[in-house]
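What follows is a single structure, written as structure tokens, with notes after it.
The values are calculated or read from the model by the stated rules, or taken from the named source; none is laboratory data. These figures come from a predicted structure and were not determined experimentally. All Cβ positions, even for glycine, are placed from backbone atoms using ideal geometry, and neighbour counts span all protein chains on display.
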Amino acid sequence: MFFESHAHYDDERFDEDREELISSLFSCGNVGYIINAGCDVKSSVAGLELSRKWQNFYAAVGIHPHEADTMNEGSLNEILRLSEDKKAVAIGEIGLDYYYDFCDREVQKECFRRQLEIAEQTGLPIIVHSREAAKDTFDIIKESNVRKGVIHSYSGHTQMALDYIDMGFYLGFGGIITFKNAKKPCEVVKNVPLERILIETDSPYLSPVPLRGERNNSQKLRYIVDKIGEIKQISPEKVEKITLKNGLTLFDKIIFVA
């Protein structure tokens, strides 16, 4: 049974078949749990609305760095309010993105810090987006009191991965590890404990090889599991079992909702 730790089923690319697809993932796709990551207040609300329809569908609520300029006291208060919902199991996805730089970097940092405060206040884990901003992301988290979460689509080097693990964090890996140029993330997978790895698709994005270019969905987690098993020279069944346990351990609010 797969634990999907990061997807975006509220995305418009699922508008035509969203409910049919998600129902099929739970009924015959070997998917046990799905976490839908929020990008702003609107998508966080949409994720929670979806969570009402399936027992094992949950939501993270937060403001993505691409949307950092939507942050104000009102939007932060709304994220805090949404986090109190019984199906809200994390604050995310939050963090920094210097690759696109859609928002001023100082605004991104402030948005990130303010949402770390929400995570500290609520006790919820964080789902962290970090692209071309590894040091600033790490430093801001280290300066906070938050020690519970996952670094989504981890792309940093091995030593920083181990430093995150020492702080209490998990690392998320998805379709990128199947790409031909994925030497660095594959090296990280090889050198970190399986007990600190989560699997994800980031659906509808980043479909794994051999399905690149297609709309992604959680059934394709099997390619991620197979690749991790290949890298670590263990069975896919063991990867599936341990990453499921990891997901339930990190997003422990699920236990109280189920």
Note on Tyr58: of the conditions (1) buried (at least 20 other Cβ atoms within 10 Å of the Cβ); (2) assigned to a helix (DSSP H, G or I), unmet is (2)
Pairing a residue in the stretch 34-60 that is of a type in the set (D, E, K, R) with any residue that is outside any helix (DSSP H, G or I) and at pLDDT 95 or above, where Cβ atoms lie under 8 Å and the two sit 6 or more apart in sequence or on different chains, gives Asp40/Ile63; Asp40/His64; Arg52/Lys87
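Scan the stretch 90-101 and give yes if some residue there is in a helix (DSSP H, G or I) and surrounded by fewer than 24 Cβ atoms within 10 Å (Cβ to Cβ), otherwise no. Reasoning before the result, please.
If we filter the stretch 90-101 for residues that are in a helix (DSSP H, G or I), which is where we start, we get none.
Checked the stretch 90-101: no residue is in a helix (DSSP H, G or I) and surrounded by fewer than 24 Cβ atoms within 10 Å (Cβ to Cβ).
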Among the residues of the stretch 12-33, the number that are within 22 Å of Thr243 (Cβ to Cβ) and either surrounded by 15 or more Cβ atoms within 10 Å (Cβ to Cβ) or of a type outside the set (A, V, I, L, M, F, W, C) (or both) is 11
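Conditions tested, residue by residue: (1) β-branched (Val, Ile, Thr); (2) surrounded by fewer than 18 Cβ atoms within 10 Å (Cβ to Cβ); (3) touching a Lys or Arg at 6+ places or on another chain (Cβ under 8 Å); (4) closer than 25 Å to Phe57 by Cβ.
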position: Glu132; (1), (2), (3), (4): no, yes, no, no
position: Asp136; (1), (2), (3), (4): no, yes, yes, no
position: Ile141; (1), (2), (3), (4): yes, no, no, no
position: Ile199; (1), (2), (3), (4): yes, no, no, yes
position: Asn217; (1), (2), (3), (4): no, no, no, yes
Selection from the stretch 115-130 of residues buried (at least 20 other Cβ atoms within 10 Å of the Cβ) and either among the acidic types (Asp, Glu) or under 19 Å from Glu67 (Cα atoms) (or both) yields Gln115, Leu116, Ile118, Ala119, Ile126, Ile127, Val128, His129, Ser130
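Being buried (at least 22 other Cβ atoms within 10 Å of the Cβ), free of Cβ contacts under 8 Å to residues at least 60 places away in the same chain, part of a helix (DSSP H, G or I) and out of contact with any Phe, Trp or Tyr (no Cβ under 8 Å at 6 or more places or on another chain) is true for just one of Val188, Val146, Val239. Which residue is that?
Values: Val188 fails: out of contact with any Phe, Trp or Tyr (no Cβ under 8 Å at 6 or more places or on another chain); Val146 fails: part of a helix (DSSP H, G or I).
Only one candidate qualifies: Val239.
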